[in-house]
Each structure stands twice: as structure tokens, then as C-alpha cells.
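Participant: I'd like to ask some things about the structure below.
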Amino acid sequence: MSADFGWLTSRDGTTNARRIIKPGKNRDGYFTSDDIISRANDAMDLLLKEYPEYKHVLIYDNATTHLKRPDGSLSARHMPKSTRPWLIEANAKDAARKPIYESNGSLKKTKIQIGPTQLLDGTVQQLYFPDNHPQAGQFKRDPDFENVESILEETCKARGVEVLFLPKFHFYRYNPESSREDVLMKNALDALAAVPLISMCRYANHSRRFTYAYSNGFNGRQAAWAAKKYHGHRVLPESIMEELDKAQIK
């Protein structure tokens, strides 16, 4: 959803990036990282076609399917302290990139090489010697383990779209619990349709006020006081620091 345009659909209302699934091992399965990437591409197709004049930012929560890094990504956790050759464990996939399962229903695993790192000058640093190298298996340490991009970030970045991840939060249901599939689907779709554009705009403005406050060094109490006092504004006035002092908000 967007505070400017509402739910993401084409201008004529015939196309959207929504997908309805019935989760479960014997139903539609579960939403995987590949499904997330597919939905992100659908969303970007709509955004870049319908609103090419805007800069787009996709915002996700920090679920593991959103944060998943490519198999073989640089990871200190999977590296040994010794210089022996090593591989990391990853989920095995078939030619269509679908997960392969064992006879007991668990995901089949495979071993792969970890991906390269990057030096400060931008040079790619491989972490493995070629198989025929006389020092194959010797690990040269490199400190660059931070800020490895997720698959989602890499996919969106390639199309000129930024990605932000929210801190942990929880949704709470309003409708009574039901075991009927048709009722569950109706409740889910009705809940989405019930969110008006004005609520999206108000929430966006509320978030902007907190963002402005924190970026100017406010603590939580000061930010909450200022956001409440100027609840009809997108940003806080320049005189806000003086007002905080007068109100003795520390």
C-alpha cells in the first residue's frame, strides 16, 4: 500500500501484485524467499509501468524469508578458524529452482562454496584457491563481512528500487477465529479492503513526524510529545526545541 495511491493496482484496476495462498504442506505449501522475489517483481512491474516518474521504496518486515541472503553469501559464522578447505550447507534445488525434499519430507541439503568478498578499493577477493593451486584451501582473512545484501535487496536494486526493513512487530486479529476456509479468506480480503486511503495518509504523516524528531536527536519521550502536539503536520516546526525546553520535556 502507499499513502499516496492506496493499494497497489494498475490504474484501470485490472492488475495487482496480490497473491492468495492456502498455507500447508498438503495445500499451497509455504511462502518461500523465491515467492517473495516473485511478488516483488510483480510489484515493481506495476510501479515502473504505472508510476515511472516516482522514486519507489519497498518496505518489508524483518521476516527470515525477506532477509534471506543468496546461497554462498559471505558469512563469518560458517567459516572455520583453520585453513582447511570448507563448504557451507544450503538447500538443494532442481533445475527449476524448486526445493528438493527427502523421503521423510525434510529439505534436502547440499554443500557449496561461500561467495567472494570485496576489498576497500572494490576489488573482488575470492576466498578459495583454484582446485589446481598449490595452496588450495588456505584462507586469507578479510574483515568485510558486514552489509551483505539479501536476495530481495539485490533483486530490487537491479531494477532501481530501494528496500527498507522494519524492526520486529506483530499484527493482531480483529475478527473472531474461524476454521472455515471461505470465512478466513473473506475476513482477510475484507480487512485489507477496509483500510481507507485517509488512514494510510495519517499513518504516513505520523511516521514522518517521528522520523524527523529522531533524526534531530530527540529521545522517545520528546518525539512522542512533539508528534502529539503537531499531529496535523508532516514535519515539526523549527521552534520545536524551544517548546520542548519551555514544557520541560527531557
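Each reported figure results from applying straightforward, stated rules to the coordinates on display, with no laboratory input. Since the model is a prediction, treat every value here as computed from it, not as a measurement. A quick note on method: Cβ atoms are made from the backbone with ideal geometry, for glycine too, and the neighbour counts reach across all protein chains shown.
Participant: Less than 12 Å Cβ to Cβ from residue 101, Lys/Arg counted +1 and Asp/Glu -1: what total charge do the surrounding residues give? Write out the running numbers ahead of the final one.
Facilitator: Numbers: positive: 25, 93, 98, 108, 109; negative: 94, 102.
After counting each charged neighbour, the total is +3.
Participant: What per residue convex hull volume, in Å³, do the alpha-carbon atoms of the range 161-250 yield?
Facilitator: On the way: hull volume 14.7 nm³, N = 90.
Hull volume over Cα atoms, normalised by residue count, gives 163 Å³.
Participant: Among 157/250; 109/186; 49/98; 109/157; 157/186, which pairs are too far apart, with a Cα-Cα distance over 31 Å?
Facilitator: Details: 157/250 40 Å; 109/186 38 Å; 49/98 29 Å; 109/157 29 Å; 157/186 35 Å.
Beyond 31 Å between Cα atoms: 157/250; 109/186; 157/186.
Participant: If packing is taken as the average number of other Cβ atoms within 10 Å across a peptide's residues, how do 91-103, 191-203 rank, most packed first? Mind showing how you got there, number by number?
Facilitator: Details: 91-103: 10.4, 191-203: 12.3.
Packing order, densest peptide first, comes out as 191-203, 91-103.
Participant: Output wanted: per-residue J couplings in Hz (rounded whole) for the range 212-220, from phi through Karplus 6.51 cos²θ - 1.76 cosθ + 1.60, θ = phi - 60°, x for Gly and Pro.
Facilitator: Rounded to whole hertz, the list is 4, 5, 5, 5, 9, x, 6, 8, x.
Participant: Under a 5 Å amide H to amide H cut-off, with H placed in plane at 1.01 Å, what residues pair with residue 29 once short-range neighbours are removed?
Facilitator: 24
Participant: Still on this model: For residue 69, what is the net charge nearby, where nearby means another residue's Cβ is under 11 Å from its Cβ and Lys, Arg count +1, Asp, Glu -1?
Facilitator: Numbers: positive: 68; negative: 71, 149, 153, 154.
Here the count lands on -3.
Participant: Follow-up question, since we're still on this one. Given H placed 1.01 Å from N in the peptide plane, which residues other than close sequence neighbours of residue 61 have an amide H under 5 Å from its amide H?
Facilitator: Answer set, sorted by chain and number: 166.
Participant: If you don't mind, another one. As a footprinting exposure proxy, order 185, 1 by other Cβ within 10 Å, with the fewest listed first. The partial results should precede the final answer.
Facilitator: Working: 185 12, 1 15.
Lowest count first: 185, 1.
Participant: Once the range 190-236 is represented by equal point scatterers at the alpha-carbon sites, with solvent omitted, what log10 I(q)/I(0) does the Debye formula produce at q = 0.18, 0.30, 0.31 Å⁻¹?
Facilitator: For the range 190-236 at q = 0.18, 0.30, 0.31 Å⁻¹, log10 I(q)/I(0) is -0.54, -1.02, -1.06.
Participant: Further question on the same structure: In which sequence would 231, 56, 206, 66 go, from the one with the fewest C-beta neighbours within 10 Å to the one with the most? It would help to have the intermediate numbers written out before the result.
Facilitator: Numbers: 231 11, 56 17, 206 14, 66 20.
Final ranking by Cβ density, sparse to dense: 231, 206, 56, 66.
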